[in-house]
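One structure is given here, and the rest of the page talks about it.
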Amino acid sequence: MNEVLATGRRTVPRWMATPESITAALLVVAFGVSAAFVPRFLDAAYLLDRSSLYMEVGLMALAMTFVIVAGHIDLSCASILALVGTSIATLHVKLGVPLLPLVFLAPLLGALLGGINGVIVAQLGLPSLVVTLATMALYRGLAQVLLGDHSVSLPAWFTGIERVAIAGTLLPVPLVLFLGLAVALGLVLHKTVFGTWVFAMGTNAEAARYSGVPVAQVTISVFVMSGVFSAMAAMIMISRLGVARYDHALGLELDVITAVVLGGASIFGGRGTVTGSVLALFLIAVLQTGMGVANVKAEYQATASGALLIVAVLMGNCFARFRKWTASKGEGSCSGS
Amino acid sequence: MNNRWRLVEVRELPTLALWVLICAVTALVQPKFLTAGVFRSILLWIPLLVVVAMGEMMVMLTRGVDVSVGSMMGLAGMAVGIALRDHPGIGVYGAMVLGIALGATLGAVNGLLIAYGNVPAIVATLGTLGAYRGLVHIVSRGVQVDEYNLPRELGRWSIDGPFGQTLVPWVVVFAILAAAGTLLFLRFTRVGRDIYAIGGNPEAAWLRGIPVRRVTFLVYVLSGLGSGLAGVLYASRFGTINPAAIGSGFELIAISAVVVGGVSVFGGSGTVAGVVLGCLLLGTISTALTVLNIADAWQGTTYGLVILVAVIFDHWMGTRFRKA
Amino acid sequence: MVIPMGEQVPLVKAVGLYKAFEGVDVLKNASLDLLPGEIHALVGENGAGKSTLARIIGGVHTPRAGTVQVNGRTVHFHRPCDAIAQGIALIHQEPLTFPDLSVAENIFIGRQPRRHGRIDWNAVHREAAEILESLGVKIDPRAKVRGLSIADQQMVEMASALSQHAKILLMDETTAALTPSEVERLFGILRQLRDRGAALAFIGHRLEEIFEICDRITVLRDGEIVGQRLTKETSIDEILRLMVGRPLAALFAKDVKHAIGSIALETRRLTCAGQFSDITLQVRAGEVVGLAGLVGAGRTEVARAIFGIEKIDAGEIRIGGQAVQVAGPRGAMKKGLALVPEERQRHGLLMPMSVWQNTTLAIVDRLARFGWRRDAMARDVARIGVKRLDVKLRGIDQPIRELSGGNQQKVVLSKWLATKPKVMLLDEPTRGIDISAKAEVHRLVSELAAEGMAVLMISSDLLEVLAMSDRILVMREGRIVAEFPREEATAERVIAAATGQVLRE
């Protein structure tokens, strides 16, 4: 039996066998096609300018990678964004609290909102799908209660973060912040004890618990992370748009989840990389920018986003089946000899 | 004890109690609540929800979820509106068939992805939630269908009933028929029982020879079918069909009703009576908020809270029950 | 009742079946005939391939090679309903029930009697009651299955198989959770079915039972069929020899010459409602305590409660003489406990991950510095574990799912040894692993005890319990009902205590 195991059965090179490589290839193709039709795609300043539109989704996708790898889902992230944005704006504009400390308070508020999700999921063992579906409505509803249908404008010094570039470069602040955090979270997910626990939990939560992984704490942590990153995204969004509204980022959780799943993460948990999510985010950005240039209306783009999410998962399934098939073929030839 | 026709199980009692409590409190604060007009507005609010919730309930009984119901309802309702505007010749009944068939087709796409494509229900329906909503904008070109575009007969379904202009208009009758049909289907057909079995223990269901994929496919078709019917009822009830408004966020209300109605979020248990009661409760809350002059903004918060309270309550009951 | 073999047409004829899971061959060139009017036993050690064979015939698995014929016609089953349609009923090892449905519905699901196109509930309940009565069990057909004992659930499943009027009945360890009187009743029904010309395959571990009821015995070892005998022409000893493939004396026994130390683990009147009650036991350093009993007697639950997985309603746990509150497995681990769980794949391992990741999962934080993993150290730990337990693999980067059951179990053991525990709780440590791995595990347990570790070993393998334990505790229906020191323990006494029989001596 040992000889069977000892026989190599890898028929595809290892680097090709990762889901991220497909995402990367798609990104190259999408970029190439876009550039061929729209010359502006080769203008770095234009691209960097457009990138800011996607950094809010990007930040939430970084944290969502942890949530999904841990075997959960957070449908409430976009609602947390809206609630944090409206709360901060309300505190500043209506109650006169200085804005600077509020910017630092925002992540704490996000942590609290995410923590509520996490505690309910971890302590009561309820499916995160239902819990975050409820808080998705709840948090968005509270945002609406706070501001109603009004927009609250923020002071001029606070707005326009996407037009601020890092000194001496063309790189806008949101992009730099996103890339920096992506590197940091990539290290956390793939190099630390916490990341290992996240993977273990997503692979088999029961086995992880039996092996001394503090499953409840890890669960709460990933939801808190999701809340904190949504809050950061909220700050960037209200700065970029100059106003806070309850319907900011409405439906954006769809894009966030699409990015993570398109990046090769398994919706069942246990598989996924930060690199994959980042690549997938840029793929979405290129596709949506391309559609924008081609004059496809924003409302119509929902169809493309939804289809993309489904295609991403279907592709993942085919990919898994293909791997299983090559594995079983290898196995067949081994025992036959 | 013969429990064949026992419609109300123990789980429904708290929902019923909560409903009575809400009615009582609202009536105390605002006596206007106890008028025929309010009763009628509750009755008109519920039918849309009931037909969608029946399908959502069957999906959730199999441990699935369908968050695309609002978009399916939107697309079916929009198509019906456009068909009646551009080809009035098809008549309201033709339009109704069209809406239901379209809904079932959209549901079948979900069902194919989930049952045969192995796409998790939440991902598939989250995807089609976006995709179908985009299609609503595309087919309508962003233009709403106005009341004068629709035949008057359609609107009269929300006013006239089988007994003339009564408290029970046709849309309510449709909803009652949908609920009764679901009840009979779940109780007296093998497929109906298979739905419970799949949710209760999917692996055992497969090993016992239940066609799990086929039944899973079917529940999503039924969910689409209900949503399609709801789209038609929406056109009748509101007259105006706006691509951004129709069915938007309705998945939340439907899931709230199902969960509040006592369907387990882990699948396998729940009754039609409970879900109808859940619909009644949500309809009452929504109307009570209006009667009490509480801002519309509180609606979303309410649905979120209601889902949370219901699942936590069920969890609490479950642990107490197991300990006992 | 002797049937002249070779003249009858077999109801089922399986020829040359092969099956592999995750690259491990579990069935190799297995062939089997089931004749009408016979009860045919499939015996073998855990992991010998009996269940796989039955599951292929039952349509649960598709073989990689080989054919199955029913009534002389070759069939290709892709799913269980294909087999059910051919009149084959398979009763699974663990009862497959729908907890929220009634007993009657569990029996008839998918096949409810109908009238005028709709389910006739009166008939459902009436027929369910009839079948349950014929089985001699008192279960209300209208009651929900949630809350029934394992034995009752097993009976419900048996009733379901009977209701199919199957010509071919495959039973996978159906009697494991039943009391002797229930077994007797069941056997009566099986004989009736046999006399009506059905073919029955019976998988079991209790050879006495098998010799009582079966006409023919097929022995499997490591996925191959190693012998077939008529029951009246063979003996228990011969069958045992075929099963293990070596003389019985070679079974590893614990080295008992080392001294036994102070109490390492103690429980006092430990109770968990509905699971077990009043569990008082002690395990000393260097001692192996065997915990015997029937499936469902509450042994696994006791181990899980000590390890902090199940909540305790009353009683206390003392480790090293001090009362402790165990808050979850992590807390238990910190107090020097380790649990090798019964369900290896569900609770013990992360199947897609590598051997070294699995080996060091429990100590990943101990090996880390400021939260950063130190993989080089982790890999060293894994290499040491692999070497000590002689795990057969390609390399420590190999995914654990590619290993055989025995080697997987060794990785679970080395994971827990890496935590340097003082007390080891072993729940069915040799279930489903091959003979050589079993001997390795026994050698290791003996070695650990010699080094002063306290071991509490749950096992349904009686020979193992008798050979390895310094002391044997027997549980029945959630309570400890007997205790035997090594010298006084015999198979008969342990079985009698576990089943509640009075032993005539």
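The values are calculated or read from the model by the stated rules, or taken from the named source; none is laboratory data. Because the structure is a prediction, the values reported are computed rather than measured. Don't worry about glycine lacking a Cβ; one is built from the backbone with ideal geometry, like all the others, and counts go over all protein chains shown. Surface areas here come from the heavy atoms of the whole protein model, side chains and all, with no ligands, DNA or RNA. Shrake-Rupley method; radii C 1.70, N 1.55, O 1.52, S 1.80 Å.
Here B:I138 meets the list (1) open to solvent by less than 10 Å² (accessible area, probe 1.4 Å); (2) of a type outside the set (D, E, K, R); (3) part of a helix (DSSP H, G or I); (4) closer than 30 Å to A:G306 by Cβ almost entirely, failing just condition (1). Of all residues being assigned to a helix (DSSP H, G or I) and either among the small types (G, A, S) or under 23 Å from the mean Cα position of the chain (by Cα) (or both) in the range C:228-243, which is nearest to C:L35 (Cα to Cα)? Just the residue, please. So, considering only residues that are assigned to a helix (DSSP H, G or I) and either among the small types (G, A, S) or under 23 Å from the mean Cα position of the chain (by Cα) (or both), the one nearest to C:L35 (Cα to Cα) is C:I239.
Restricting the range A:253-277 to residues that are surrounded by fewer than 24 Cβ atoms within 10 Å (Cβ to Cβ) and within 13 Å of A:A70 (Cα to Cα), the residue that is farthest from the other protein chains (Cβ to nearest Cβ) is A:T273. Residues in the range C:223-275 that are among the polar types (S, T, N, Q) and either closer than 27 Å to C:R476 by Cα or at pLDDT below 80 (or both): C:T267, C:T271, C:Q275. A residue that is of a type in the set (A, V, I, L, M, F, W, C), closer than 12 Å to A:A63 by Cβ and modelled with pLDDT of 95 or more cannot be found anywhere in the range A:206-218. Across the range A:180-195, the qualifying residues are those that are more than 14 Å from chain C (Cβ to nearest Cβ) and within 15 Å of A:G276 (Cβ to Cβ), and the one among them that is most open to solvent (accessible area, probe 1.4 Å) is A:V183. Condition (residue is assigned to a helix (DSSP H, G or I) and open to solvent by less than 20 Å² (accessible area, probe 1.4 Å)) applied to the range B:160-170: is it met by at least one residue? Checking the range B:160-170: not a single residue is assigned to a helix (DSSP H, G or I) and open to solvent by less than 20 Å² (accessible area, probe 1.4 Å). Summed over the range B:62-90, residues that are part of a helix (DSSP H, G or I) and touching a residue at least 40 places away in the same chain (Cβ under 8 Å) total 17. Give the number of residues within the range A:149-158 that are over 17 Å from A:D247 (Cβ atoms) and either facing chain B (nearest Cβ under 9 Å) or not in a helix (DSSP H, G or I) (or both). Adding up the residues that qualify gives 1. In the set (1) within 23 Å of B:G94 (Cα to Cα); (2) buried (at least 19 other Cβ atoms within 10 Å of the Cβ), B:T240 fails one condition alone, (2).
Set side by side, the residues A:L126, A:L170, A:L138, A:L146 differ, and just one is at the interface with another protein chain (Cβ under 10 Å from one of its Cβ atoms) and not in a helix (DSSP H, G or I), which is A:L126.
Please determine, by comparing only the residues of the range C:314-336 that are part of a loop (DSSP other than H, G, I, E, B) and modelled with pLDDT of 90 or more, which one is nearest to the chain's Cα centre (by Cα). Going through the qualifying residues, I end up with C:G336.
Of all residues assigned to the range A:213-226, none qualifies as being buried (at least 21 other Cβ atoms within 10 Å of the Cβ), free of Cβ contacts under 8 Å to residues at least 24 places away in the same chain and assigned to a helix (DSSP H, G or I). Only one of the numbered conditions (1) aliphatic (A, V, I, L, M); (2) crowded, with 21+ Cβ neighbours inside 10 Å; (3) free of Cβ contacts under 8 Å to residues at least 60 places away in the same chain is not met by C:I236, and that is (2). Here A:L171, A:L109 are screened, and the one residue that is open to solvent by 50 Å² or more (accessible area, probe 1.4 Å), more than 30 Å from B:S264 (Cβ to Cβ) and touching a residue at least 40 places away in the same chain (Cβ under 8 Å) is A:L171. Of all residues in the range B:192-202, those satisfying the criterion of being facing chain C (nearest Cβ under 7 Å) and either more than 14 Å from C:R111 (Cβ to Cβ) or surrounded by fewer than 22 Cβ atoms within 10 Å (Cβ to Cβ) (or both) are B:Y196, B:G200, B:N201. The residue that is modelled with the highest pLDDT, among those in the range C:188-210 that are farther than 19 Å from C:I91 by Cα and open to solvent by 50 Å² or more (accessible area, probe 1.4 Å), is C:D195.
Quick check on the range C:471-494. Is at least one of its residues surrounded by 18 or more Cβ atoms within 10 Å (Cβ to Cβ), of a type in the set (D, E, K, R) and modelled with pLDDT of 80 or more? Yes, because at least one residue in the range C:471-494 is surrounded by 18 or more Cβ atoms within 10 Å (Cβ to Cβ), of a type in the set (D, E, K, R) and modelled with pLDDT of 80 or more.
Would it be correct to say that B:L308 is at the interface with another protein chain (Cβ under 8 Å from one of its Cβ atoms) and out of contact with any Gly (no Cβ under 9 Å at 6 or more places or on another chain)? Yes; evaluated as a whole, the condition is true for this residue.
Let's see how each residue does on (1) within 15 Å of the chain's Cα centre (by Cα); (2) open to solvent by less than 20 Å² (accessible area, probe 1.4 Å):
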| residue | (1), (2) |
| --- | --- |
| B:G268 | no, yes |
| B:T271 | yes, no |
| B:V276 | yes, no |
| B:C279 | yes, yes |
| B:T302 | no, no |
| B:G318 | no, no |
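Quickly run through the range C:346-398 and pick out the residues that are in a loop (DSSP other than H, G, I, E, B), among the basic types (K, R) and more than 23 Å from A:L187 (Cα to Cα). Within the range C:346-398, C:K392, C:R394 qualify. Looking across the range C:12-60, the residues that are under 20 Å from C:Q93 (Cβ atoms), within 14 Å of chain A (Cβ to nearest Cβ), in a loop (DSSP other than H, G, I, E, B) and in contact with a helix residue (DSSP H, G or I) (Cβ under 7 Å, 6 or more places away or on another chain) come down to C:E22, C:G47.
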